[in-house]
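The values are calculated or read from the model by the stated rules, or taken from the named source; none is laboratory data. Quick caveat, the model's predicted, so the values are computed rather than measured. Cβ placement follows ideal geometry from the backbone for every residue including glycine, while neighbour counts extend to all protein chains displayed. Heavy atoms of the whole protein, side chains included, go into the accessibility calculation; ligands, DNA and RNA do not. Shrake-Rupley method; radii C 1.70, N 1.55, O 1.52, S 1.80 Å.
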Amino acid sequence: VRAPETFREIAWLHVVPAPGAAALRDVLGTVVGADGRARAVAFDPDGFALVPGLPPGDARVRLAPRATAYESP
């Protein structure tokens, strides 16, 4: 007996800075799908990201700036 197939979606995201704001750089995010599973997202320099494997339904997106690299003394 085969399990029923589940359909998955692909979300294309595009982050655009507010009018007058500085250009976005190094943005990371998290997408939480209708299944409650969080998926990490990294945006390209133009603000685009592709999130495959989302279940159908509502999803939430949370954005955060990428942490700057540092060196220990």
Could you tell me which numbered condition Thr6 fails, if it satisfies all but one of (1) open to solvent by 70 Å² or more (accessible area, probe 1.4 Å); (2) at pLDDT 85 or above; (3) of a type in the set (S, T, N, Q)? (2)
Can you report the number of residues in the stretch 47-60 which are surrounded by 11 or more Cβ atoms within 10 Å (Cβ to Cβ) and either under 11 Å from Ala11 (Cα atoms) or without any contact (Cβ under 8 Å) to a residue 24 or more places away in the chain (or both)? 9
Would you check if there is a residue in the stretch 12-31 being part of a loop (DSSP other than H, G, I, E, B) and modelled with pLDDT of 90 or more? no
Hey, could you check the stretch 32-44 for residues that are more than 14 Å from Ile10 (Cα to Cα) and in a loop (DSSP other than H, G, I, E, B) and say which is least open to solvent (accessible area, probe 1.4 Å)? Phe43
